[in-house]
Amino acid sequence: MTTVLLTGEDCARLVEWPGLIAAMREIHLDHARGVAIQPVPRSIRNPADTDPAPAQIIPMTGYRASTGGYVLKALADAPHNRERGIPAQRSTVALFSAETGECRALIDGAVLTRTRTAAVTVAATLALAPAGADVVTIVGAGALALEHARALVSAMPLREIRFWSRTPAGSDTAVATLSAEPAFARVSLSATTNLRAALAGAGIVCTLTPARDPLITPDLLGEGVHVNAVGSPPRPLFRELTPDVFGRATLTVVDVLPIALAESGNIRDAIAAGTLGETEPIELGRILAGEVARPRGLSVFNSVGIGLQDLAAAEYFLGRSEAHEDGLQVQLRPVRTPVS
């Protein structure tokens, strides 16, 4: 069996939003049906490192019965890389056949992770955002923010997207980049460093920052807003929303509850503050299955990313590469001729 190698450039060339969003929706439904397994990852780090945010390796795994697919994503999370001018997270995704153990694909994780994260956000937004919401505020202006804008525009008739960043250069660059793309021809794009102004009147808010001190407080949010808190790395030190936001929310949704309890600073802080019950968050798969009615008032989707999302994305990109005869096929192990 050959293994397909896909670079980040390959993934960027192959992605199309409707299919990837559908893949994210289906994997969460599989988890809700009990036919996809999602273990809680355990990080590996240098035990002698006393830094409050040390470099760590997180093996993210997942299995789904419907395809017999198993994924292993090696995520390296090194927050101090930002000070070195290099990405804080790097990852490689390996897709296996759980039946034979053969490696079907090796995929660079950068574009795969950004696009699958944006696709999951869209799946949650379509289920949770107030009807007719057409103004989006994106808190952050990096590569993940751009992918969220692209994914949301592909799925919703948006009227306006606002970008907030701490510096004008960040949000201005995001607006300039998307203004040149045909999909945004009919969308008003704006940039600001005034967070209150950026959030005023927005029906959908996406927070996409590695903030350690929360940026969003309840007084900044309107009554019928849906918030996607997506930017925090998978460690409790990072959070984007104050605990009071969860206290005001009528519904809090997470990827998978045990992982949110272990890794999300937003969720853990709210539970510690008494504004959110430990069993109160609802898993996204149950929302997509229609088990919970669309909320009235403020809703929050808090995501830290899970291995099952990487599994579904890897299967999606592998399928696209096969259909388009893209990617590099290699023989990782010599084929042995059977002994007669």
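So that you can scan it fast, the table gives a plain yes or no per residue for (1) outside any helix (DSSP H, G or I); (2) at pLDDT 95 or above; (3) of a type in the set (Gly, Ala, Ser):
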| residue | (1), (2), (3) |
| --- | --- |
| 219 | no, yes, no |
| 222 | yes, no, yes |
| 268 | no, yes, no |
| 301 | yes, yes, no |
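Any residue that is within 23 Å of residue 15 (Cβ to Cβ), surrounded by fewer than 24 Cβ atoms within 10 Å (Cβ to Cβ), of a type in the set (Lys, Arg) and more than 20 Å from the chain's Cα centre (by Cα) - is there at least one of those in region 151-174? No, region 151-174 contains no residue that is within 23 Å of residue 15 (Cβ to Cβ), surrounded by fewer than 24 Cβ atoms within 10 Å (Cβ to Cβ), of a type in the set (Lys, Arg) and more than 20 Å from the chain's Cα centre (by Cα).
Inspect all residues belonging to region 321-338 and state whether any of them is open to solvent by less than 10 Å² (accessible area, probe 1.4 Å), touching a helix residue (DSSP H, G or I) at 6+ places or on another chain (Cβ under 7 Å) and not small (Gly, Ala, Ser). Before you say what the answer is, go through the steps one by one.
Going through region 321-338, the residues open to solvent by less than 10 Å² (accessible area, probe 1.4 Å) turn out to be 321.
With the extra rule that they be touching a helix residue (DSSP H, G or I) at 6+ places or on another chain (Cβ under 7 Å), the set shrinks to 321.
Then drop every residue that is not not small (Gly, Ala, Ser), which leaves none.
Looking through region 321-338, none of the residues is open to solvent by less than 10 Å² (accessible area, probe 1.4 Å), touching a helix residue (DSSP H, G or I) at 6+ places or on another chain (Cβ under 7 Å) and not small (Gly, Ala, Ser).
Conditions tested, residue by residue: (1) polar (S, T, N, Q); (2) without any contact (Cβ under 8 Å) to a residue 24 or more places away in the chain; (3) farther than 19 Å from residue 24 by Cα.
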{"site": "102", "(1), (2), (3)": "no, no, yes"}
{"site": "115", "(1), (2), (3)": "yes, no, no"}
{"site": "125", "(1), (2), (3)": "yes, no, no"}
{"site": "130", "(1), (2), (3)": "no, no, yes"}
{"site": "136", "(1), (2), (3)": "no, no, yes"}
{"site": "161", "(1), (2), (3)": "no, no, yes"}
{"site": "170", "(1), (2), (3)": "no, no, yes"}
{"site": "185", "(1), (2), (3)": "no, yes, yes"}
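Of all the listed residues (112, 106, 75), the sole one being within 30 Å of residue 334 (Cα to Cα) and either buried (at least 24 other Cβ atoms within 10 Å of the Cβ) or of a type in the set (Asp, Glu) (or both) is 112. If I ask for residues that are without any contact (Cβ under 8 Å) to a residue 24 or more places away in the chain and either part of a strand (DSSP E or B) or aliphatic (A, V, I, L, M) (or both), which ones from region 53-73 would you list? 57, 59, listed by residue number. Scanning region 138-150 for residues that are in contact (Cβ under 8 Å) with a residue 40 or more places away in the chain and surrounded by 24 or more Cβ atoms within 10 Å (Cβ to Cβ), we see that the one that is nearest to residue 241 (Cα to Cα) is 139.
The values are calculated or read from the model by the stated rules, or taken from the named source; none is laboratory data. Bear in mind that the values here come from a model prediction, so they are computed numbers and not experimental data. Because the Cβ atoms are built from the backbone with ideal geometry, glycine has one as well, and the counts that use them run over all protein chains shown. Quick note on the areas: whole protein, heavy atoms, side chains included, nothing else; ligands and nucleic acids left out. Shrake-Rupley method; radii C 1.70, N 1.55, O 1.52, S 1.80 Å.
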